[in-house]
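The values are calculated or read from the model by the stated rules, or taken from the named source; none is laboratory data. Since the structure is predicted, the reported quantities are computational estimates derived from the model, not experimental observations. Cβ: placed from backbone, ideal geometry, glycine included. Neighbour counts: every protein chain shown. Surface areas here come from the heavy atoms of the whole protein model, side chains and all, with no ligands, DNA or RNA. Shrake-Rupley method; radii C 1.70, N 1.55, O 1.52, S 1.80 Å.
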Amino acid sequence: MAIGGITLTGVTRTFQVGDEEFHALDRVNLSIDRGAFVAVMGPSGSGKSTLANIIGGLDRPTAGSVVVEGEDLAKLGDAALSRFRNKAIGFVFQSFNLKGDSTSLENVMLPLTFARMRPKQRKARATACLERVGLGDRLHHLPNQLSGGQRQRVAIARALATEPALIIADEPTGNLDSARGAEIIAMLGALNADGVTLLVITHDSAVAGHADRVVEVVDGTVREGSAG
Amino acid sequence: MRFADYLLLTLRSLRRSRLRSFLTISAIVVGATGVTVMLTFVTSVKNFVTQQYVQTGQIDQIQVSETPNLTYSPTGSSNGPGPQGVGNTSTLTPALEAQIAALPHVTGVAAIAQGFGSQDLAYLSYGGHELNFNNLSAYEPDGVITPTLVAGRDLGPTDTANAILVSSDYADALGFKGSYAKLVGQTVELHTDTGYTGVGATLPSVLPPQSQCNPTQGPQPGSSGPTCGPTASLPAIDLPAVVVGVMSAASDHGVIYLPLSWAIAIGNTALPAGSGIVSCGPGTRQTCPDTGQNQGQNQGQNQGQNQSGQAPGSPQIVTWTTQTATQFLAQRGGYGSLIVKVDGTDHVAAVATSIDHLGVSAATGIDALNQQKQKANAIGLILGSLGLVALFIAALGVMNTMVMSVFERTREIGVMRALGARRSTIRRLFTFEATALGFFGGLFGVIIGSVFVLAAKNVISKSVKSGSLSGANFSVPIWLIVVVIAGTSAIGLLSGFFPARRAARLDPVEALRYE
């Protein structure tokens, strides 16, 4: 068992589709060490995103237990689970999911706002995060004034804001060209080097090539894989 | 999340959907404006009426009138016309007035009489104007009754005769429109009927022969006086009267007030003793119609006179007799009403009860004021309901806006949940937004309503100079501003409740997938 990492034991996630049950995850056992860079690969509809959502506390398993950073997520209510997501997890989405009416700074400050951090502190923290991803000169730009790569960097800065132990990136390079995608992966790699556990869901074997470990999800089951 | 952050995110969200926010707020503004204007109108009228009652002292006054006697009596009603004994507590006599004045907390009593003198006076003249008496009344000028004046002063205790108060419409008719002060101090003439024998009349020792009387002759133009009888040929006279004050026509319309003592002196006409004239009841001082008992009496008395050697058609030598004021009052069934002043509004009800126990009816100014207020409240309820209907429709608009907002921002809700927002945070965010729509609708509604009220105030003050509402203070009360804004905010909050709950219950995974 990975202390401070991620442990899934017998995790099943079942969806009701009409009269039939669909097992997105079927008795999954998975252990990820703290500070690891894990790529999750698999065909569309295999259960990759469901796995990420369950690890990230956005979804709950139908059966089995999920322990992330020492927290048994099944035992947490909405408030505690929300606090857990806020403090322990950073999400990076394929389509960035930035608030269109807010500047880069305001977007990065948003998780700190939910954490009830004082305005001055949250501004300083958000500025530092944006500088860390190379956007110190784009603090007051709206998302539509930024390129795709810059938007994803804002999203990474937002994921970093609460200094989480785990960053879950779901197809982070899916909407970027290869050069911008490589930049983003390099940036995520740098964060991992600083001790952040990284879980990247990807179809891209080049991205998986940067990972310490590749996990394949096929028909709701998990097995160790390779980047190639 | 901190309160300030909720506010900030709410304002940003409203700004993002400017047009939709504007339209939603506009619907609330319509309702809030309506409620503000209507309730301001009703409140102002109520305040104005209360102010009038307080200013004129009516709030501390009790009006005493006779209790109607509904029991049939073959010998006549005790309250009906005819001689009645002084001190009878069922009529408004000086004795009753003294009895009431002696009650605890009573600071003054003033008698009012209508009709005293008016049957003897034909018209008022001044500078070529001749005006009818519309409402000629009299009261004891002892400070209890205080008419609302626009110029001059009230009648005072020293005004025992030859002084009057006129309402401003009389002043207008006499050519003093807009300059009422100039009428004050002017002497007008009160023109009596022919045959007048009241105060100021020159009473002859020899009456002209009754044969000059033509019973079929109709009334002379401008005269309500007798056309026959032994005094019919006495000339009309002019009683000079100084106008001491001009009253507001808003509260006293078409009224002339005389001091009560003068009205009694005018009405208490002298009778020629032994002339065969008998009284036919209150207000009748001349020969009675040629019917029934009176005719017999006349005939009998005339026959007696004839027997004493005076031939019909020859001049009659008479001596004149006048009743005392008390006798006159008794004959006329007492005063019309009494106004009782009490030393405090709190004591009015108790004094009114004490007066009721004296066998007369007591109506308090507070009762009258409450009736006025009830009418205003009824109007306010109807008008306010219209505003509430508008607000109800606006509430549906808020709900619709919020439901749309939740749909449009489903993905954003998912992202916020992923970033650590609790369900309660999401619910509060949308509730704040709906409440803000209501708040701004109420705020702008009050502002626009105040502008309407201000405009209406100007229009009223310009166009209704002497109208009943010209003095009303039309301004939006602070409590109404607070109530309207709080009310529309509450409407927003309630309207946003279900959409906000729906937003909070969204599954974050589903929300993140929403396109």
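The single residue among B:VAL403, B:VAL389, B:VAL398 that is open to solvent by 20 Å² or more (accessible area, probe 1.4 Å) and touching a Gly at 6+ places or on another chain (Cβ under 9 Å) turns out to be B:VAL389.
Restricting segment B:418-430 to residues that are within 7 Å of another protein chain (Cβ to nearest Cβ) and in a helix (DSSP H, G or I) leaves a set whose member that is farthest from B:ILE28 (Cα to Cα) is B:ALA418. Whether any residue in segment A:119-138 is without any contact (Cβ under 8 Å) to a residue 12 or more places away in the chain, over 18 Å from the mean Cα position of the chain (by Cα), part of a helix (DSSP H, G or I) and crowded, with 17+ Cβ neighbours inside 10 Å is what I want to check. The answer is no, given that none of the residues of segment A:119-138 is without any contact (Cβ under 8 Å) to a residue 12 or more places away in the chain, over 18 Å from the mean Cα position of the chain (by Cα), part of a helix (DSSP H, G or I) and crowded, with 17+ Cβ neighbours inside 10 Å. When residues in segment B:415-464 are screened for being more than 30 Å from B:ASP5 (Cβ to Cβ) and either open to solvent by 40 Å² or more (accessible area, probe 1.4 Å) or not β-branched (Val, Ile, Thr) (or both), 15 of them pass.
Beta carbons closer than 6 Å, at least 6 apart along the sequence or on distinct chains, pair a first residue in segment A:8-24 that is open to solvent by 70 Å² or more (accessible area, probe 1.4 Å) with a second that is aromatic (Phe, Trp, Tyr) for A:PHE22/A:PHE15. Only one of the listed residues (B:GLU408, B:GLU412, B:GLU433) is within 14 Å of another protein chain (Cβ to nearest Cβ) and out of contact with any helix residue (DSSP H, G or I) (no Cβ under 9 Å at 6 or more places or on another chain). That residue is B:GLU408.
Condition check for A:LEU110 on (1) more than 7 Å from every other protein chain (Cβ to nearest Cβ); (2) under 10 Å from A:ALA161 (Cβ atoms); (3) over 15 Å from the mean Cα position of the chain (by Cα): one failure, at (1). Contact map, segment A:158-173: residues that are away from chain B (no Cβ under 13 Å) and surrounded by fewer than 24 Cβ atoms within 10 Å (Cβ to Cβ) paired with residues that are assigned to a loop (DSSP other than H, G, I, E, B) and basic (Lys, Arg), Cβ distance under 8 Å, separation 6+ or inter-chain. Pairs shown: A:ALA165/A:ARG34.
Any residue in segment A:91-104 that is more than 13 Å from every other protein chain (Cβ to nearest Cβ) and at pLDDT 90 or above? Yes - at least one qualifying residue is present in segment A:91-104.
Could you tell me whether any residue of segment B:361-384 is in contact (Cβ under 8 Å) with a residue 12 or more places away in the chain, outside any helix (DSSP H, G or I), away from every other protein chain (no Cβ under 14 Å) and not small (Gly, Ala, Ser)? So that I can check it myself, show each step before the final result.
In the first step, residues of segment B:361-384 are kept if they are in contact (Cβ under 8 Å) with a residue 12 or more places away in the chain; the result is B:361-366, B:368-369, B:372-373, B:376-377, B:379-380, B:383-384.
When the remaining residues are screened for being outside any helix (DSSP H, G or I), the result is B:361-364.
Filter once more, so that each one left must be away from every other protein chain (no Cβ under 14 Å): B:361-364.
Right, trim to not small (Gly, Ala, Ser) and you get B:364.
Yes.
If I filter segment B:230-243 for residues that are touching a Pro at 6+ places or on another chain (Cβ under 9 Å) and at pLDDT 90 or above, do I get at least one hit? Within segment B:230-243, not a single residue is touching a Pro at 6+ places or on another chain (Cβ under 9 Å) and at pLDDT 90 or above. Does B:SER475 fit the bill of being in a loop (DSSP other than H, G, I, E, B), open to solvent by 80 Å² or more (accessible area, probe 1.4 Å) and modelled with pLDDT under 90? When the stated conditions are applied, B:SER475 does not pass them. Of all the residues in segment A:44-90, those that are more than 12 Å from every other protein chain (Cβ to nearest Cβ) and of a type in the set (Ser, Thr, Tyr) number 4. Against the definition (out of contact with any Gly (no Cβ under 6 Å at 6 or more places or on another chain), open to solvent by 60 Å² or more (accessible area, probe 1.4 Å) and within 14 Å of another protein chain (Cβ to nearest Cβ)), how does B:ARG12 come out, yes or no? Judged against the criteria, B:ARG12 is not a match. In the list B:THR24, B:THR50, which residue meets the criterion of being more than 17 Å from B:MET404 (Cα to Cα), away from chain A (no Cβ under 14 Å) and not small (Gly, Ala, Ser)? That would be B:THR50, the only listed residue that is more than 17 Å from B:MET404 (Cα to Cα), away from chain A (no Cβ under 14 Å) and not small (Gly, Ala, Ser). Within segment B:366-417, being aromatic (Phe, Trp, Tyr) and over 19 Å from B:GLY31 (Cα atoms) holds for one residue alone: B:PHE407. Checking each residue in segment B:159-182 for being hydrophobic (A, V, I, L, M, F, W, C), under 12 Å from B:VAL242 (Cβ atoms) and open to solvent by less than 30 Å² (accessible area, probe 1.4 Å) picks out B:ALA163, B:ILE164, B:LEU165, B:VAL166. Scanning segment B:57-106 for residues that are small (Gly, Ala, Ser) and at pLDDT 70 or above, we see that the one that is least open to solvent (accessible area, probe 1.4 Å) is B:GLY57.
In the list B:PHE474, B:PHE444, which residue meets the criterion of being within 54 Å of the chain's Cα centre (by Cα), of a type in the set (A, V, I, L, M, F, W, C) and farther than 30 Å from B:SER251 by Cα?
It is B:PHE444.
Where helices (runs of 4 or more DSSP H) fall wholly inside segment A:143-228, the ranges with 2 or more residues that are within 23 Å of A:LYS123 (Cα to Cα) and at pLDDT 90 or above are A:148-160.
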